[in-house]
Every structure is written in structure tokens, then in C-alpha cells.
Amino acid sequence: MLHPGEMGAAIGGVLRQSGIDVLWASEGRSEATHTRAARAGLTDAGTVDELAQMSDVILSVCPPYAAADVAAAVGDFAGVFVDANAISPATSRRIAASLSAFVDGGIIGGPPSETAGPRLYVSGGNTARVLELFAGTLVDARVVSERIGDASALKMVYAAWTKGSAALLLAIHEVAQTEGVADELLEEWRESLPDLEARLASAERSAAAKGWRWVAEMEEIAATFEAAGAPGGFHRAAADLFRGRPRT
């Protein structure tokens with residue numbers, strides 16, 4: 001598991017519950033990462049090199065800006081490398097070109113809990129191993145196709161709405177506050193669009209906790225749109241908005 005953040009540690013914990021030995025590499029990682037890995041029951045391999053030598057599958061769950069560096073760190077890993085990061089199809093294909101057995105992945109949903117888990121969409125020619133790993137667990141692994149990039153494309157267009165619309169709501173509310181009509185806007189929403197006030201509150205909580213981590217994801221979405229001939233400005237603007245959020 002490279003590297004066990006909130007999502008990665010929870011997924012690693014699900015695999016441990018199935019009796020699978022899950023390794024992580026502690027070298028250079030924070031105390032918070034150490035704590036998450038310990039709680040999930042992961043085994044410390046020390047370094048990424050050692051982890052790669054001891055593993056037959058590597059699952060990368062990291063911020064999208066780090067995806068290429070994490071993949072490069074495993075060197076000539078001969079097993080199945082699963083990139084489950086929020087990256088564009090083009091980025092996924094670039095990473096795949098340097099690995100012998102690559103699975104493109106995209107996670108939709110929150111970290112696994114005691115009763116529910118996310119969907120892990122995968123594509124490429126080595127997806128059977130991923131389905132085998134997660135069979136019977138709370139992580140619902142689903143094959144999109146045999147084409148690398150398709151799982152990432154699905155993640156991009158899904159997050160384009162969920163996080164992109166959150167950014168739009170935040171920007172709208174900030175403008176309303178600047179113009180002195182925020183209370184009136186909320187009142188109008190209560191009458192004509194009653195779900196938006198709750199969605200704004202949710203967007204504010206999420207952005208305050210981890211908005212800075214979404215900057216690179218918005219940029220990957222923008223690149224995905226532009227590669228498809230659609231405007232990428234929506235999500236480049238969302239990246240700018242999230243870039244201004246404090247880092248926690």
C-alpha cells in the first residue's frame with residue numbers, strides 16, 4: 001500500500017480483515033501515517049524498495065500530484081501495480097508505460113466503514129487480480145473495460161460534478177458575502193432551491209478539512225476535459241478556489 005492516508009489505510013484494513021498481509025513503507029512518512037498504518041494492521045516493510053521486492057500487488061492511493069512519483073519509486077516492479085488515484089486518462093497511460101503490469105483505477109465513495117465501502121473501478125488487462133483481492137469485502141471492485149484510462153475517465157467525470165459543483169457553490173456564496181446579499185441568497189434558496197443550503201454547508205466543511213488536496217484533482221479534471229475538446233476553465237477555476245483553502 002503506497003501510501004496509507006485516510007482512504008489507503010482504510011482499504012488496507014479491509015484487505016487485512018480478509019487475511020491478506022498488507023505492507024507499507026515507513027521511510028520518510030509522517031507520524032500520522034505511522035498511526036494510521038498501525039491502526040489498520042499493516043506491516044512495515046521499511047522502504048519502498050523492500051515493499052516492491054516483497055509484494056505481488058502494489059496499490060497506490062495518494063494525492064494526484066504525487067501519483068507519477070509514487071509509481072516511479074517502485075522501479076522495475078514485476079507485479080501488478082494498481083494506480084487508484086484521481087488522475088486523467090492521459091496521466092494514467094503515461095504512468096502505465098513504465099510498468100510491466102498496470103491497472104488503472106478510480107475510487108468513488110468514502111473510506112470503508114464497518115458497514116459500507118467505496119466502489120473501486122478498474123480497467124486494463126490485469127483487473128482479474130484486483131477482483132480476486134477484494135472479493136467478499138466492503139470495497140466493491142468493478143471492471144470498466146480492458147482499456148487503460150477508462151477507470152480514470154470515469155473518476156474524472158464523476159468528481160467533475162461532485163467537487164466542481166462544491167467549488168461553484170463556495171464561490172457563489174463568497175461573492176454574495178462580498179456584495180452583502182448572502183442572507184438574502186440563503187433565504188431565496190430556502191424557497192426555490194431548498195437543498196442548496198445544506199449542500200453549501202457540506203462543501204464548506206469538506207473544503208475546510210481537505211480542499212487543498214483537491215487542487216491537483218481539479219487540474220487533472222481540466223486536462224481531461226481539454227483532451228476531449230471541452231472547456232477546462234471550469235475546473236481550473238475550481239483549483240484556484242481550493243488552492244486558497246488552508247492546509248490542515
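Values quoted throughout were computed directly from the atomic coordinates according to the rules given, and no laboratory measurement underlies them. Given the structure is predicted, the values throughout are model-derived calculations rather than measurements. Neighbour counts run over all protein chains shown; Cβ positions are idealised from the backbone, glycine included.
Mind grabbing the base-10 log of I(q)/I(0) for segment 6-146 at q = 0.12, 0.15 Å⁻¹? Debye formula, identical points on the C-alpha positions, no solvent, two decimal places. For the requested q values the scattering log ratios are -0.43, -0.70. Taking every DSSP helix (H) stretch of at least 4 residues in the chain, weighting each as -39,500 (n - 2.57) and dividing the sum by the residue count yields a mean residue ellipticity at 222 nm of -16500 deg cm²/dmol. Summary value for the chain: 15 percent relative contact order, contacts being C-alpha pairs under 8 angstrom separated by 6+ residues.
Once the gyration tensor of the Cα atoms in segment 147-188 is diagonalised, the equivalent ellipsoid follows with semi-axes of 34, 8, 4 Å, ordered largest first.
Annotation note: GluC sites (Glu not before Pro) in segment 1-83 located in DSSP loop regions with a Cβ neighbour count of at most 14 within 10 Å are GLU27. Helix 150-179 and the long axis of the chain differ in direction by around 30°, with both axes built from C-alpha atoms.
Using a Debye calculation, one point per C-alpha and no hydration shell, please list log10 I(q)/I(0) for segment 154-243 at q = 0.12, 0.23 Å⁻¹ in order. Log-scaled intensity ratios, in q order: -0.39, -1.09. With K and R counted +1 and D and E -1, the other residues having a Cβ less than 11 Å from that of ALA141 yield a net charge of +1. How high is the relative contact order of segment 154-243? Use alpha-carbon pairs under 8 Å, at least six apart in sequence, and give a whole percent. Relative contact order for segment 154-243 comes out at 35 percent.
Which of the GluC sites (Glu not before Pro) found in segment 120-174 are loop residues per DSSP with 13 or fewer other Cβ atoms within 10 Å of their Cβ? Loop-located and lightly packed - GLU146.
Mean sequence separation of contacting Cα pairs (under 8 Å, at least six apart), scaled by the length of segment 1-112, corresponds to a relative contact order of 26 percent. When the alpha-carbon atoms of the chain are used, the pair Rg, Dmax equals 19.2, 61 angstrom. Relative to the longest principal axis of the Cα atoms of the chain, helix 6-17 runs at roughly 40 degrees.
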